[in-house]
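So the structure is just underneath, and the comments pick up after that.
What follows is calculated from the coordinates using simple rules that are stated; it is not laboratory data. Just so it is clear, the model here is predicted, and its values are computed rather than measured. Note that we place each Cβ from the backbone using ideal geometry, even for glycine, and neighbour counts take in every protein chain shown.
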Amino acid sequence: MNDISSNTKLQNPTSVNSTNKESNENLFLIGFMGAGKSTIARYLKEKAGFDLIEMDSQIEQDTNMKISEIFDQFGEEHFRKLETDLISEISPNQGYVISCGGGVAMSQVNVKAMKKAGKVILLNARPETIYERVKDNHDRPLLENNKTVEYITQLIEKRRPYYLAAADQIVETDNKDVEMICQEILKI
Ligand code: S3P
């Protein structure tokens, strides 16, 4: 499989149509941890000219703390508030691609703000794919002691109704390379 987390080199990047950037819409990429939101967002910035916000990185920069430190010291609820504050800060802007944290679409306040400010695109991947992508990573507190396909499957199932309710477009990412995924997104 041409895995999106390892394949950011594209054969024909100029073929990507930049309609959405030209129309100045924001694109909010949602989906489970490891679904490929950051990779796809970086590509949309590089090749289609979107400005990029990677929510986790932005929160880390704003707080000068790692996400895991925020969870440890202040708890998940506090982290969720930081996410909601950031979504409302981003919303008045245009022409951004926003790589959302995997929990952002669980909040109706966030979903309402995202839908008002742009298009919400759900990236889906199989639990096995997610597992392979997250298994060696230690920056995700919710998975830190739960790195099994079974746990990931359960959490995805719990979240699925929220992801589906938030999404304006659903993109299946398994067995597709970055370019294919981005072309699907840009042809909304
Ligand atoms: C989370 C996903 C993470 C990060 C935090 C919580 C979640 O972001 O925001 O660890 O609740 O799904 P990524 O989806 O970018 O890994």
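Some values worked out for this structure:
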quantity: Distant-in-sequence amide H partners of Glu54 (H built 1.01 Å from N, under 5 Å); calculated: Ser99
quantity: Cα-derived Rg over Rh, computed across segment 32-163 with Rh taken as Kirkwood radius; calculated: 0.94
quantity: Positive-end residue of Asn64, Leu86, Ala165, charge dipole of the chain with Cβ unit charges; calculated: Ala165
quantity: Glu132 paired with Glu76, simple spin-label distance in nm, labels 7 Å along Cα-to-beta-carbon; calculated: 2.8 nm
quantity: Cα→Cβ-extended label distance, 7 Å offset, between Glu157 and Met180, nm; calculated: 2.8 nm
quantity: Estimated FRET transfer efficiency (Lys187, Lys116; beta-carbon r; R0 25 Å; 0.05); calculated: 0.65
quantity: Charge dipole (debye, nearest 20) of segment 72-129; +1 at Cβ of Lys and Arg, -1 at Cβ of Asp and Glu; calculated: 420 debye
quantity: Cβ charges +1 (Lys, Arg) and -1 (Asp, Glu), total dipole of segment 92-188, debye; calculated: 520 debye
quantity: Point-charge dipole on Cβ atoms (K/R +1, D/E -1) for the chain, about Cα centre, debye to 20; calculated: 500 debye
quantity: Partner lysines for Lys81 [C-alpha distance under 24 Å; skip if fewer than 8 residues away on the same chain]; calculated: Lys37, Lys66, Lys112, Lys115, Lys116, Lys119, Lys158
quantity: Cβ-derived FRET efficiency at R0 35 Å, Glu172 paired with Glu150, nearest 0.05; calculated: 0.95
